Amino acid sequence: MTNRTRPEHPAPAGVKIYYWPCSLLLTAPSLLLDRPTGPLSATLRIACREPYTIEVAGETRVTRASLVAPKAERKRIIAPNSDIALFYLPLQAPRHAALRALIKDRKLVDLPIELFAPLLPRIRAAMQHVQPATEIKALARDVVEAITGQPVPEDDAMDPRIAKACAVLDELPLRDAHIGTVASRVHLSPSRLRELFRQEVGFTIGEYARWRATWRAVLHWKRGLTLTDVALEAGFHDLSHADKAINEVFGINPSTLIDPQFVTLINCEDNDNVLVQ
């Protein structure tokens, strides 16, 4: 990744984004974000070096570790020279029950950095060099265990009907991802599918569909198509719709996200990394 800097970019020293379904890990030496966003997942931020400033739902903290509830509006984060890691954690997923109980109804939870001391070298490694997908997923599990003091259960085998529903949604453009369409393909009533899907995946069908369409659009943009064309191809109504979804997932705008001078995208969907070019 280039060492050139550009002040207007939110990650002037570069950023790596590791992605897998409904989760991600973003690492950056410095990160400056002032665009309001409310991610679908809970967000955990850990600074390996200098503390960062974060403003969420009217609260401002200067800290080295914090947990933000899903959909809580993050107005800004100022993390110069912080070596910061940002984990997206689907809080409603069964494996995160202990974390969900810890957050309760709070929007922002300050955490002692000492909880993560043994993990900081692994976070730095993920920032400096692309790490295997298995290591990134293990790191995401281990930071949760550090917070809760409880082991994170291994994912149980997904109900095959819900696994098929996910596969259907992975193929459908966002505009066609209607619950009735998916329910008929997996032989469940819409109400039963809605209930099972949230229990198994941790997202609603609409949230999952937006997440997948967002990543699909990013992949198409990296192939050099225009922003408008790929937004429509992924199933968004227009570029504004895609921009909102990109910001919801990544917390930065599309043109910033796909700038290869600063951003390295790593697809960890399977256990073999795919560097997105």
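The values are calculated or read from the model by the stated rules, or taken from the named source; none is laboratory data. Predicted model only: the values in this text are computed from it and were never measured. So basically every Cβ, Gly included, is an ideal-geometry build from the backbone, and we count neighbours across all protein chains shown.
Specify which of the listed residues (Ala57, Ala133, Ala65) is on the phi > 0 side of the Ramachandran plot and in contact with a strand residue (DSSP E or B) (Cβ under 8 Å, 6 or more places away or on another chain).
Checking each option against the conditions leaves just Ala57.
Could you list all residues from segment 106-126 that are under 20 Å from Leu67 (Cβ atoms) and among the aliphatic types (A, V, I, L, M)?
Selection gives Leu108, Val109, Leu111, Ile113, Leu115, Ala117, Leu119, Leu120, Ile123, Ala126.
Among the candidates Ser191, Ser184, single out the residue that is surrounded by 14 or more Cβ atoms within 10 Å (Cβ to Cβ), among the polar types (S, T, N, Q), at pLDDT 90 or above and not assigned by TED's automatic domain parsing to the domain that holds Pro112.
Step by step, each of Ser191, Ser184 is checked, and only Ser184 is surrounded by 14 or more Cβ atoms within 10 Å (Cβ to Cβ), among the polar types (S, T, N, Q), at pLDDT 90 or above and not assigned by TED's automatic domain parsing to the domain that holds Pro112.
Which members of segment 79-89 meet the condition of being touching a Leu at 6+ places or on another chain (Cβ under 8 Å) and not in a strand (DSSP E or B)?
Across segment 79-89, the qualifying residues are Pro80, Ser82.
Using beta carbons and a limit of 8 Å, which pairs, at least six apart or on different chains, have the first residue in segment 184-201 and aromatic (Phe, Trp, Tyr) and the second one outside any helix (DSSP H, G or I) and at pLDDT below 95?
Within 8 Å, the pairs are Phe197/Phe203; Phe197/Thr204.
Quick one: in segment 92-116, which of the residues that are within 19 Å of the chain's Cα centre (by Cα) and part of a helix (DSSP H, G or I) is farthest from Pro51 (Cα to Cα)?
Once the filter is applied, the top-ranked residue is Pro94.
For segment 46-59, indicate whether the set of residues that are in contact with a Pro (Cβ under 8 Å, 6 or more places away or on another chain), surrounded by fewer than 22 Cβ atoms within 10 Å (Cβ to Cβ) and assigned to a strand (DSSP E or B) is non-empty.
Within segment 46-59 (the criterion being in contact with a Pro (Cβ under 8 Å, 6 or more places away or on another chain), surrounded by fewer than 22 Cβ atoms within 10 Å (Cβ to Cβ) and assigned to a strand (DSSP E or B)), the answer is no, since none of the residues qualifies.
Yes/no per residue for (1) under 26 Å from Gly206 (Cβ atoms); (2) outside any helix (DSSP H, G or I); (3) in contact with a Ser or Thr (Cβ under 8 Å, 6 or more places away or on another chain); (4) of a type in the set (Ser, Thr, Tyr):
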position	(1), (2), (3), (4)
Pro118	no, no, no, no
Ile136	no, no, no, no
Glu154	no, yes, no, no
Lys164	yes, no, no, no
Val182	yes, no, no, no
Arg185	yes, no, no, no
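Can you name the condition, by its number, that Asp155 falls short on among (1) under 19 Å from the mean Cα position of the chain (by Cα); (2) modelled with pLDDT of 90 or more; (3) loosely packed, with under 14 Cβ neighbours inside 10 Å?
(2)
Going through Pro94, Pro118, Pro132 one at a time, which residue ends up being over 28 Å from Glu233 (Cα atoms), modelled with pLDDT under 90 and assigned by TED's automatic domain parsing to the domain that holds Ser66?
The match here is Pro94.
Within segment 244-271, work out how many residues are part of a loop (DSSP other than H, G, I, E, B) and free of Cβ contacts under 8 Å to residues at least 40 places away in the same chain.
Total satisfying the criteria: 1.
For the condition part of a strand (DSSP E or B), outside the structural domain of Asp170 (by TED's automatic domain parsing) and over 19 Å from Leu111 (Cα atoms), what is the one hit in Leu67, Leu32, Leu26, Leu40?
That would be Leu32, the only listed residue that is part of a strand (DSSP E or B), outside the structural domain of Asp170 (by TED's automatic domain parsing) and over 19 Å from Leu111 (Cα atoms).
Filter segment 252-277 for residues that are over 17 Å from Ile136 (Cβ atoms) and modelled with pLDDT of 70 or more and give the result.
Of everything in segment 252-277, those that are over 17 Å from Ile136 (Cβ atoms) and modelled with pLDDT of 70 or more turn out to be Ile252, Asn253, Pro254, Ser255, Thr256, Leu257, Ile258, Asp259, Pro260, Gln261, Phe262.
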